[in-house]
Amino acid sequence: MRKVTAIVLVVVASVVLAAGALAESATKEECVAKVKEAVKLINEKGLDDAIAVINKKDGGFAWKDSYVFVVDFQGKTVANALFPEHVGRNQMGLANKDGRMIIQEFIEIAKTKGEGWSEYMWPKPEEMQKPKDQRISSKKASFVLRVPGQDIFAVAGMFE
């Protein structure tokens with residue numbers, strides 16, 4: 001009887017933990033909403049004031065396993081809620097393990113369509129803490145939205 005009880009408790013705990021982990025994944029709808037919120041903030045407050053908010057971890061633009069970042073058309077990161085060390089860096093040459101030029105793809109979407117999704121392989125935030133050659137990539141979809149009238153765009157993505 002004790003073995004059955006122990007097994008049941010382990011199974012229940014595993015289900016609860018798995019459900020909790022799944023609940024921490026951002027959705028496509030959340031990514032779209034957060035990106036639109038960031039673009040609205042830029043339009044209403046101006047770039048500098050909006051960037052100050054977007055760059056804060058507790059500014060509302062980093063949630064679950066996702067975050068908003070803002071990039072200009074030259075590839076320079078102007079805001080990043082989760083990776084502030086990227087701010088000011090030109091990311092034009094940023095490629096995934098398959099050689100896809102991610103930022104260039106985002107710029108193309110922003111310039112030609114104004115908004116859209118890009119799907120690619122990318123390491124989850126916790127993988128980014130590991131040495132580059134040890135990172136495991138997962139399927140990611142990112143929503144890109146150009147700030148109207150400006151040569152910048154906001155992005156947020158979710159892992160599938």
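The values are calculated or read from the model by the stated rules, or taken from the named source; none is laboratory data. Keep in mind it's a predicted model, so treat the numbers as computed, not measured. Heads up, the Cβs are rebuilt from the backbone with ideal geometry, glycines too, and the neighbour counts pull from every protein chain shown. The area values use the complete protein model at the heavy-atom level, side chains included, leaving out ligands, DNA and RNA. Shrake-Rupley method; radii C 1.70, N 1.55, O 1.52, S 1.80 Å.
Only residues that are of a type in the set (Phe, Trp, Tyr) and farther than 21 Å from Glu108 by Cα were counted in the stretch 68-86, giving 1. Across the stretch 33-52, what is the number of residues that are open to solvent by less than 50 Å² (accessible area, probe 1.4 Å) and farther than 22 Å from Lys140 by Cβ? Looking only at that region, the number is 5. Here Glu29 meets each of (1) open to solvent by 50 Å² or more (accessible area, probe 1.4 Å); (2) within 16 Å of the chain's Cα centre (by Cα); (3) at pLDDT below 95 with one exception, condition (3).
The number of residues in the stretch 67-119 that are among the β-branched types (Val, Ile, Thr) and open to solvent by 80 Å² or more (accessible area, probe 1.4 Å) comes to 1.
Within the stretch 120-131, the set of residues being part of a helix (DSSP H, G or I) and open to solvent by 30 Å² or more (accessible area, probe 1.4 Å) comprises Met128, Gln129. When the stretch 142-157 is filtered for residues that are in contact with a Gly (Cβ under 7 Å, 6 or more places away or on another chain) and of a type in the set (D, E, K, R), only Arg146 remains.
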